[in-house]
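First the structure, in the form of C-alpha cells, and then the observations on it.
The values are calculated or read from the model by the stated rules, or taken from the named source; none is laboratory data. This one's a predicted model, so the numbers in the text were calculated from it and none came from an experiment. Here Cβ is always computed from backbone atoms with ideal geometry, including for glycine, and neighbour counts include all displayed protein chains.
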Amino acid sequence: MLFPNVLLNSTKNLKASTSFVKLFLRSISTTHSKMSEVDKRFTLPQRYAGTKESVWTEYIQMAIDYKPLNLGQGFPDYPPPQYIMDTLSNVAVGEDYMLHQYTRGFGHPRLVAALSKLYSKLIGRPINERTEILTTSGAYEALFSTIMGHTEVGDEVIIIEPFYDCYEPMVRYAGGIPRFIPLKLREVTGRLPTSADWALDKDELENIFNSKTKMIILNTPNNPLGKVFSQEELVHIADLCKKWNVLCVADEVYEWLVYKPLKHIRIATLPGMWERTITIGSAGKTFSVTGWKVGWAYGPANLMVNLQMIHQNSVYTGVTPIQEATAIAFEKEMERLGSEECFFRSLPKELEAKRDYMAKFLVDVGMRPTIPDGGYFMIADWTPLESQINLESEKDEYKDYRFTKWMTKNIGIQGIPPSAFYSVPHKNLGENYVRYNFIKKDENLKKASDILTKWKSSLK
Ligand code: PMP
Ligand code: GLN
C-alpha cells in the first residue's frame, strides 16, 4: 500500500499527526471497500456460476497432504514401455530442431497421418487426415472444442450417469441444458455384479430424446463403472440419434482397455452413424502417459469444422515434440497390431490380472465391487463397513465423500467418491460406492490389500 504524503511530515506537530491518523484510517476503510468492490466486480461470470472446485482439485491436494496409498486419480504408477520414453527423448535431442517449433494448428502432420491410417482401418472408411481429424490438448480439449463448437444456447445435451465429471460444466458453459439419465444396477444374486449389470432403462432413454436434443455424450468404456456398451445398447442409442437428428459425442479414451470376452464397438461404425458422430481419444490412456496430454477427435469434415474454429482461437496448436513422439508410438504399434506384443493387447491383459486381484481384496474386506469390463477403475459398495467408520468426523454433504476422506486420513488408502460423477438430483445413486484405480504396481496393490486386511482384523 502507498502511504499518503502526510506521513512524511506527520511528526511536525500533533495536529498534523492527528490528521494523519484520521487519513490513515480513512485510507484503510476505503481500501477495504475498494477490495470488496473488486471482489464483487470479479466474481466468476454468470455463465460459469455454480462451478465448484472439482473432485480432482480437492482429492489431489488431499493426497499431497496425507500421503495415502493413492488409488484415486487415474494414472499408472509404473513406467510406460521403455520405447515410448525413448521415443520422446530421441525427439527432444534429435537433429530435427524444427520439432521444437510450432506445428500445424489442427494437428502435427505425422500424427494426423498415423491417426488417419489407424482409424481408417478401424472405422472401415478413409478418414481424411486434414479435414476429419483434430489433435488437441488431451481428450479434455477435444471434449471442450466439441461441446463448445456444437452447442447452441438452449440446446439439450443428454449425459449418461455416472459420467466423467467435466461434461456437465462444459455443457453449461456452452449455454446448453444437460439432461441426465442414469445407468441402473440390475438385481444380481449369487455373484458379484459386473459393469454390464448397469443398464439404461430403454423407455427412459426414448423419453429423454426430443426435438430440443442436440447431442448425447456416450463414454464407452465408461469411467467410473468400466461399462463397455453392447452392440444392442449402441444400436438403440444410434437409432434414437438418427430419429431425432442428434450428434453423438463418443468419448472412447479407454478404447484399448477392454477385458475378454467383451469387445469395444465404435458407435461411428454403426450404419448411418459416421455422419453424426465425433469420436474422442487420448494418448494418455492409449500409451499409459497421462502427462503427455495429447488427445484427438475425428469425424466427418462438416462436423469437425466447428471444433477447429474453437481450437484455432483458444489453443491454436498442440505441443510439437509430444505429438511427434505420439505419432512414432502409433507407427510402431500399427506394425504389430493384432499381435500379442502390441501394447494395445498386452496392456489390457496385464490389467485384467490387477483387476481380479483388487476385486478379491475388496471382497475380502467386506466391500462389494462391480467387476469392470473395461477401463482401469472399479467401483465398490462400501456400505457393509459403514458401522466401522466414523462418518460424523467429516462434514461433507455426501456420504461417499465422508467415507473416502475418513479412509484417506485414518486407514491410508485414497479412493474417489462416485457421487462426483452424478448430477445433483442423482448424487444419492453414487453415495454407497467408492472408485478405486488398479493401474498400479503389483507391490502397491499388495500394500492396499495388506492395509485393508490389517484394518479388517482390527474391526469389532
Ligand atoms: N474422458 C474420460 C472418460 C477420462 O477418464 C479422461 C481422464 N483421463 C478424459 C476424458 C481426459 O483425458 P486427457 O487426460 O487425455 O485429457
Ligand atoms: N481421468 C482420470 C481419472 O478419472 C484423471 C482425472 C483428472 O485428474 N482430472 O481419474
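Hey, could you check the range 226-247 for residues that are outside any loop (DSSP other than H, G, I, E, B) and β-branched (Val, Ile, Thr) and say which is nearest to ligand 2 (Cβ to nearest atom)?
ILE237
Against the condition more than 16 Å from ligand 2 (Cβ to nearest atom), among the small types (Gly, Ala, Ser), more than 19 Å from SER346 (Cα to Cα) and not in a helix (DSSP H, G or I), how does ALA250 come out, does it pass? Break it down into steps so the answer makes sense when it comes.
Numbers: more than 16 Å from ligand 2 (Cβ to nearest atom): yes; among the small types (Gly, Ala, Ser): yes; more than 19 Å from SER346 (Cα to Cα): yes; not in a helix (DSSP H, G or I): yes.
Yes: the conditions hold for ALA250.
Of the numbered conditions (1) away from ligand 1 (no atom under 16 Å from the Cβ); (2) on the phi < 0 side of the Ramachandran plot; (3) surrounded by fewer than 24 Cβ atoms within 10 Å (Cβ to Cβ), ASN245 fails exactly one; give the number of that condition.
Only one criterion in (1) away from ligand 1 (no atom under 16 Å from the Cβ); (2) on the phi < 0 side of the Ramachandran plot; (3) surrounded by fewer than 24 Cβ atoms within 10 Å (Cβ to Cβ) is unmet by ASN245, namely (2).
Can you find a residue in the range 107-114 that is on the phi > 0 side of the Ramachandran plot, in contact with a Gly (Cβ under 9 Å, 6 or more places away or on another chain) and within 16 Å of ligand 1 (Cβ to nearest atom)?
There is at least one residue in the range 107-114 that is on the phi > 0 side of the Ramachandran plot, in contact with a Gly (Cβ under 9 Å, 6 or more places away or on another chain) and within 16 Å of ligand 1 (Cβ to nearest atom).
For (1) within 24 Å of LYS446 (Cα to Cα); (2) in a helix (DSSP H, G or I); (3) modelled with pLDDT of 95 or more, each residue gets a yes or a no:
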| site | (1), (2), (3) |
| --- | --- |
| SER314 | no, no, yes |
| PRO321 | no, yes, yes |
| MET334 | no, yes, yes |
| GLU350 | yes, yes, yes |
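Only residues in the range 92-107 that are small (Gly, Ala, Ser) count as the first member; pair them with residues that are not in a helix (DSSP H, G or I), Cβ under 7 angstrom, at least 6 apart or cross-chain, and list the lot.
Listed pairs, sorted by first residue: GLY105/TYR316; GLY105/THR317; GLY107/ILE133; GLY107/LEU134; GLY107/THR135.
For the list (1) over 17 Å from TRP56 (Cα atoms); (2) of a type outside the set (S, T, N, Q); (3) under 22 Å from the mean Cα position of the chain (by Cα), I need the number of the one condition that PHE421 fails.
(1)
State yes or no: is LYS427 of a type in the set (Lys, Arg), outside any helix (DSSP H, G or I) and farther than 20 Å from ILE64 by Cβ?
no
Give the residues of the range 137-181 that are in a strand (DSSP E or B) and among the basic types (Lys, Arg), sorted by residue number. Let's see the steps before the verdict.
First pass over the range 137-181, keeping only residues in a strand (DSSP E or B): 137, 156-161, 177-181.
Within the range 137-181, ARG179 is the sole residue that qualifies.
Given the structure, is THR279 closer than 24 Å to ARG130 by Cβ and buried (at least 24 other Cβ atoms within 10 Å of the Cβ)? Outline the logic, then answer.
Working: closer than 24 Å to ARG130 by Cβ: yes; buried (at least 24 other Cβ atoms within 10 Å of the Cβ): yes.
Considered against the rule, which asks whether it is closer than 24 Å to ARG130 by Cβ and buried (at least 24 other Cβ atoms within 10 Å of the Cβ), THR279 comes out as yes.
Suppose we filter ASN210, ASN223 for residues that are within 16 Å of ligand 1 (Cβ to nearest atom), within 30 Å of GLN46 (Cα to Cα) and assigned to a loop (DSSP other than H, G, I, E, B); which single one remains? I'd like the intermediate steps shown before the answer.
Values: ASN210 fails: within 16 Å of ligand 1 (Cβ to nearest atom).
Checking each option against the conditions leaves just ASN223.
With the requirement that a residue be β-branched (Val, Ile, Thr), over 30 Å from GLY175 (Cα atoms) and within 15 Å of ligand 2 (Cβ to nearest atom), what does the range 38-85 give you?
Residue satisfying the conditions is ILE64 alone.
Restricting attention to the range 142-201, which residues are away from ligand 2 (no atom under 16 Å from the Cβ), buried (at least 17 other Cβ atoms within 10 Å of the Cβ) and either free of Cβ contacts under 8 Å to residues at least 24 places away in the same chain or among the acidic types (Asp, Glu) (or both)?
Matches in the range 142-201: ASP155, GLU156, ASP197.
Out of the residues in the range 381-406 that are crowded, with 23+ Cβ neighbours inside 10 Å and touching a residue at least 40 places away in the same chain (Cβ under 8 Å), state the one that is farthest from the chain's Cα centre (by Cα).
If we take residues in the range 381-406 being crowded, with 23+ Cβ neighbours inside 10 Å and touching a residue at least 40 places away in the same chain (Cβ under 8 Å), then TRP382 is farthest from the chain's Cα centre (by Cα).
Is it true that some residue in the range 182-190 is outside any loop (DSSP other than H, G, I, E, B) and in contact with a His (Cβ under 6 Å, 6 or more places away or on another chain)?
Just the residues of the range 182-190 that are outside any loop (DSSP other than H, G, I, E, B), to begin with: 182, 184-185.
Still in the list and also in contact with a His (Cβ under 6 Å, 6 or more places away or on another chain): 182.
Yes: one or more hits.
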